[in-house]
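**Q** First, the structure itself, so that you have it in front of you.
The values are calculated or read from the model by the stated rules, or taken from the named source; none is laboratory data. As the structure is a prediction and not an experimental result, all values here were calculated from the model. Heads up, the Cβs are rebuilt from the backbone with ideal geometry, glycines too, and the neighbour counts pull from every protein chain shown. Quick note on the areas: whole protein, heavy atoms, side chains included, nothing else; ligands and nucleic acids left out. Shrake-Rupley method; radii C 1.70, N 1.55, O 1.52, S 1.80 Å.
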Amino acid sequence: MTRAPLHLPDPTLLLAALLAEGIRVIGPAPVQGAIAYEPLDRPEDLPKGLSDSQSPGHYRLAETAPGRWFDYVVGPQSWKKWLFPARQKLWSAERTADGFELGQPDEPWPRTAFFGVRPCEIAAMEIQDRVFDNGSFTDPGYARRRAGTLIVSVNCARAAETCFCASTATGPRAEAGYDLALTELATGTGLLLEIGSDEGARIAATLALAPATPAQIAEAKATSAATARAQTRAMPEAIAGTLKANPEHPQWEDVAARCLGCANCTLACPTCFCTDVEDVTDLSGDHAERWRSWDSCFSIDFTYVHGGAVRRSGKSRYRQWMTHKLSAWHDQFGSSGCTGCGRCIAWCPVGIDIVAEAHALSAPDPSLPAPAPHEEA
Amino acid sequence: MAAPLPTPDPMLPRRYRVTRAKGEIAGTATVELAPIDGAPMTFSPGQFNMLYAFGVGEIPVSISGDPARPGQLTHTTRDVGLVSKAIVGLKEGDMLGIRGPFGSAWPIEAAAGRHALFIAGGLGLAPLRPAIYHVLNNRADYAGLTLVYGARSPDELLYAEEISTWKSRLDTEVEVTVDHARPGWTGRVGVVTTALPHALAGTDPATIEAFICGPEIMMRFTLQALEAAGVSSDHCWVSMERNMKCALGFCGHCQFGGDFICKDGPVFRHDTVAARLGLKEL
Ligand SMILES: Cc1cc2nc3c(=O)[nH]c(=O)nc-3n(C[C@H](O)[C@H](O)[C@H](O)COP(=O)(O)OP(=O)(O)OC[C@H]3O[C@@H](n4cnc5c(N)ncnc54)[C@H](O)[C@@H]3O)c2cc1C
Ligand code: SF4
Ligand code: SF4
């Protein structure tokens, strides 16, 4: 089957084709003033003419040219809500005469397509793939949901002020990790459709589309390049080593004084994966269940051991979050845990900006002697 | 989108039955367990299991039995809260859910030929006991065997009878010390580090492989004392403890810098964690 890019006049044609195959399509939907990822039941459910305005501590949906499909970027939710549900039953147990029996819930995962996945979100899924299949253990539920999901991605034609994926090499154009990829061309002239898998090719073939012209292909490339250039934030390249070398940098106190410890950043972050478990019983005490739910390293109980929490200060908890995300993650999973999506910046109620903090932490610690010229960072 | 092969779920416990329950020091009990179905669990000294008490919850507990007798899976637990209380209260015939074994092990077989030095504080003796058993079972393979054990008071000395039998062996050095004596106590008084010089006297520090488990502060001072005595830090091993909810590297709770204590630890070679042990609230 051909893998040459095609020209898609209207994204709802593709959405309709997926729905016609009985695939559950989950895609962008404006919910309570923000883009959420919800089931799209009809082709006309795909929003149009929407953009957003984002800055530290700020997110608003906005209007754009009525003919534009994908000018908004990422909202507070990410696809982890679906692949790694916020609350999940792991198993249940029934008391028996001589003990108990264990059973596992049957979790249906119909054939699913994620529609409108941004490049940074593909990166986030690939990061979580390594978390939930870590070389020693596999989370079978995650693996099943992930394997049962088609990815229809959208290369961003616009960046929000909070985006910095160009500096983390996770966008604004995806080179892999999708079944089908869209890039919106000039308003009203349709989209470039790129094919990333056999299944993507099969679905595209059902649409009987015209091949994209060289001009359309070039326009899509130029759009991505312009989106990258428009980004004003950039994560310092050496941040992993910088954070590892500076656990006592005075900036940690500075940011801790502003951070409320509300955990918004960890909930919004598409790669944060920490969980708590809860064991519950019914009133009879004969039926027990074990539930897993999202947790946050900002909670003080997170490190509770007999006698008290290990990370008692706000400073130590912020340091853990950021150092894990940008530094320890490399040791654990072979990449940064940050995709440059900017969610933690926009959704922090006090506007703490991980990029600004990274730059502040990259400034020499004034309390330390200046490093010798050839000393390693 | 072919359906992936079904993978066994590492989050689902296996059921075990208590074959023996034995009270230890106050608030502490040892249970021996056998699986309801399937083969007994083989493990390496230093590994731990996640123990699930029906309806109450699940906690990490080290395996404290003899690795040469996997049919007798053994755990020693102290009652400090909800789940540990339920586990300490288990009786013969009760059922328990278990996931494991998890984590890294004391490299006790690799230490053959060396002088095995065990230093334990309080309940830290439990995770060391499987390694001690291994050395006792294979004593001829080791140049020496020394146990230095400290507890807060004589009443808090775990496995006291067993320690006396070890002490009576001619090929085993045992130093026991308590922080606070009570009338009648004729043994040593003082923190573990004060017992070290005597325990190490006459032993070439270059032959020592040290295995240390106890409260973090005790381990820090012990490691300093060992270093001062000339035991190099790449021959010292420690077992770390952190909050953990899954033991699989998924829940994130036990992170210690770049390591997950549950799967990269709990046993670490000291030089690989030394810098981090010095950082507060890591
Ligand atoms: C690798 C490892 C090995 C251990 N081996 C033993 C052992 O052999 N014997 C023994 O008695 N205890 C051992 N512990 C400590 C034991 O896990 C805790 O005492 C237990 O988790 C306390 O739970 P609780 O519900 O009884 O207490 P609570 O105080 O009610 O605990 C609340 C929650 O905090 C967490 N928590 C509290 N204390 C600890 C702790 N010290 N470590 C980890 N999580 C904690 C648990 O998740 C628990 O669910 C070990 C811990 C680890 C990490
Ligand atoms: S750390 Fe912030 S910018 Fe990076 S992936 Fe998480 S939410 Fe996005
Ligand atoms: S950085 Fe912001 S979002 Fe994150 S915990 Fe602190 S106040 Fe909340």
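**Q** Taking region B:29-79, which residues are within 14 Å of chain A (Cβ to nearest Cβ) and without any contact (Cβ under 8 Å) to a residue 12 or more places away in the chain?
**A** Within region B:29-79, just B:GLY55 meets the criteria.
**Q** Here's another thing I want to ask about it. Can you find, within region A:196-213, the residue that is farthest from A:SER153 (Cα to Cα) among those that are in contact (Cβ under 8 Å) with a residue 60 or more places away in the chain and open to solvent by less than 20 Å² (accessible area, probe 1.4 Å)?
**A** If we take residues in region A:196-213 being in contact (Cβ under 8 Å) with a residue 60 or more places away in the chain and open to solvent by less than 20 Å² (accessible area, probe 1.4 Å), then A:ALA212 is farthest from A:SER153 (Cα to Cα).
**Q** In region A:302-314, which residue that is open to solvent by 10 Å² or more (accessible area, probe 1.4 Å) and within 8 Å of chain B (Cβ to nearest Cβ) is nearest to ligand 3 (Cβ to nearest atom)?
**A** Taking the candidates together, the pick is A:SER313.
**Q** Continuing with this model, one more query. Any residue in region A:263-270 that is among the aliphatic types (A, V, I, L, M), within 16 Å of ligand 2 (Cβ to nearest atom), under 27 Å from the mean Cα position of the chain (by Cα) and within 14 Å of chain B (Cβ to nearest Cβ)?
**A** Within region A:263-270, one or more residues are among the aliphatic types (A, V, I, L, M), within 16 Å of ligand 2 (Cβ to nearest atom), under 27 Å from the mean Cα position of the chain (by Cα) and within 14 Å of chain B (Cβ to nearest Cβ).
**Q** Tell me yes or no: at least one residue of region B:226-234 is buried (at least 21 other Cβ atoms within 10 Å of the Cβ) and not assigned by TED's automatic domain parsing to the domain that holds B:PRO45.
**A** Checking region B:226-234: at least one residue is buried (at least 21 other Cβ atoms within 10 Å of the Cβ) and not assigned by TED's automatic domain parsing to the domain that holds B:PRO45.
**Q** Have a look at A:PRO349, A:PRO364 and point out the one that is more than 30 Å from B:ILE98 (Cα to Cα) and free of Cβ contacts under 8 Å to residues at least 12 places away in the same chain.
**A** Numbers: A:PRO349 fails: free of Cβ contacts under 8 Å to residues at least 12 places away in the same chain.
Just a single option satisfies the conditions, and that option is A:PRO364.
**Q** Mind checking whether some residue in region A:88-108 is away from every other protein chain (no Cβ under 14 Å) and farther than 30 Å from B:LEU33 by Cβ?
**A** no
**Q** Only one of these is farther than 25 Å from B:GLU241 by Cβ, modelled with pLDDT of 95 or more and open to solvent by 10 Å² or more (accessible area, probe 1.4 Å): A:CYS344, A:CYS297, A:CYS274. Name it.
**A** From the options A:CYS344, A:CYS297, A:CYS274, the qualifying one is A:CYS344.
**Q** State the number of residues belonging to region A:221-235 that are touching a strand residue (DSSP E or B) at 6+ places or on another chain (Cβ under 6 Å) and basic (Lys, Arg).
**A** Total satisfying the criteria: 0.
**Q** Another question, then. Is there a residue being crowded, with 20+ Cβ neighbours inside 10 Å and β-branched (Val, Ile, Thr) anywhere in region A:216-226?
**A** yes
**Q** For A:SER335, all conditions in the list (1) more than 16 Å from A:GLU237 (Cβ to Cβ); (2) more than 16 Å from ligand 1 (Cβ to nearest atom); (3) not aliphatic (A, V, I, L, M) hold save one; what is the number of the exception?
**A** Just one mismatch for A:SER335, condition (1).
**Q** Which residue pairs have Cβ atoms under 7 Å apart, sit 6 or more places apart or on different chains, and have a first residue in region A:245-266 that is without any contact (Cβ under 8 Å) to a residue 40 or more places away in the chain and a second that is within 16 Å of ligand 1 (Cβ to nearest atom) and open to solvent by less than 20 Å² (accessible area, probe 1.4 Å)?
**A** A:ALA263/A:SER296
**Q** Could you look through region A:46-62, keep only residues that are in contact with a strand residue (DSSP E or B) (Cβ under 9 Å, 6 or more places away or on another chain) and in contact (Cβ under 8 Å) with a residue 40 or more places away in the chain, and pick out the one that is farthest from A:PHE164 (Cα to Cα)?
**A** Of everything passing the filter in region A:46-62, A:LEU46 is farthest from A:PHE164 (Cα to Cα).
**Q** Applying the selection to region A:103-125, what residues are open to solvent by 50 Å² or more (accessible area, probe 1.4 Å) and modelled with pLDDT of 95 or more?
**A** Matches in region A:103-125: A:PRO110, A:ARG111.
**Q** Test A:TRP291 against the criterion of being within 16 Å of ligand 1 (Cβ to nearest atom), within 12 Å of chain B (Cβ to nearest Cβ) and not polar (S, T, N, Q), and give yes or no.
**A** Yes; evaluated as a whole, the condition is true for this residue.
Let's see how each residue does on (1) away from chain B (no Cβ under 14 Å); (2) of a type outside the set (A, V, I, L, M, F, W, C):
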residue: A:HIS324; (1), (2): no, yes
residue: A:HIS330; (1), (2): no, yes
residue: A:CYS338; (1), (2): yes, no
residue: A:ARG343; (1), (2): yes, yes
residue: A:TRP347; (1), (2): yes, no
residue: A:ILE354; (1), (2): yes, no
residue: A:ALA358; (1), (2): yes, no
residue: A:ALA363; (1), (2): yes, no
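**Q** Among A:LEU243, A:LEU191, A:LEU283, which is the only one that is farther than 22 Å from B:ILE59 by Cβ and within 16 Å of ligand 3 (Cβ to nearest atom)?
**A** Unique residue meeting the criteria: A:LEU243.
**Q** Could you go through region A:162-172 and let me know if any residue there is open to solvent by 20 Å² or more (accessible area, probe 1.4 Å) and within 14 Å of chain B (Cβ to nearest Cβ).
**A** Scanning region A:162-172 turns up no residue that is open to solvent by 20 Å² or more (accessible area, probe 1.4 Å) and within 14 Å of chain B (Cβ to nearest Cβ).
**Q** Any residue at all in region B:141-150 that is of a type in the set (D, E, K, R), more than 16 Å from ligand 3 (Cβ to nearest atom) and either within 14 Å of chain A (Cβ to nearest Cβ) or crowded, with 21+ Cβ neighbours inside 10 Å (or both)?
**A** Scanning region B:141-150 turns up no residue that is of a type in the set (D, E, K, R), more than 16 Å from ligand 3 (Cβ to nearest atom) and either within 14 Å of chain A (Cβ to nearest Cβ) or crowded, with 21+ Cβ neighbours inside 10 Å (or both).
**Q** Here is a follow-up. Looking only at residues that are within 12 Å of chain A (Cβ to nearest Cβ) and over 21 Å from B:CYS262 (Cβ atoms) in region B:9-26, which one is least open to solvent (accessible area, probe 1.4 Å)?
**A** Ranking the qualifying residues of region B:9-26, first place goes to B:VAL18.
**Q** Within region A:134-161, track down each residue that is more than 7 Å from chain B (Cβ to nearest Cβ), in contact with a Leu (Cβ under 6 Å, 6 or more places away or on another chain) and either hydrophobic (A, V, I, L, M, F, W, C) or assigned to a loop (DSSP other than H, G, I, E, B) (or both).
**A** A:VAL152, A:VAL154
**Q** A further question on this structure: Can you say whether B:GLY113 is over 27 Å from B:GLU156 (Cβ atoms) and open to solvent by less than 10 Å² (accessible area, probe 1.4 Å), as far as the supplied structure shows?
**A** So B:GLY113 fails the test.
**Q** A:THR339 versus (1) open to solvent by 30 Å² or more (accessible area, probe 1.4 Å); (2) farther than 21 Å from A:ALA257 by Cα; (3) modelled with pLDDT of 95 or more: which is the lone unmet condition?
**A** Exception for A:THR339: condition (1).
**Q** Out of the residues in region B:202-223 that are open to solvent by 70 Å² or more (accessible area, probe 1.4 Å) and more than 23 Å from the chain's Cα centre (by Cα), which is modelled with the lowest pLDDT?
**A** B:GLY202
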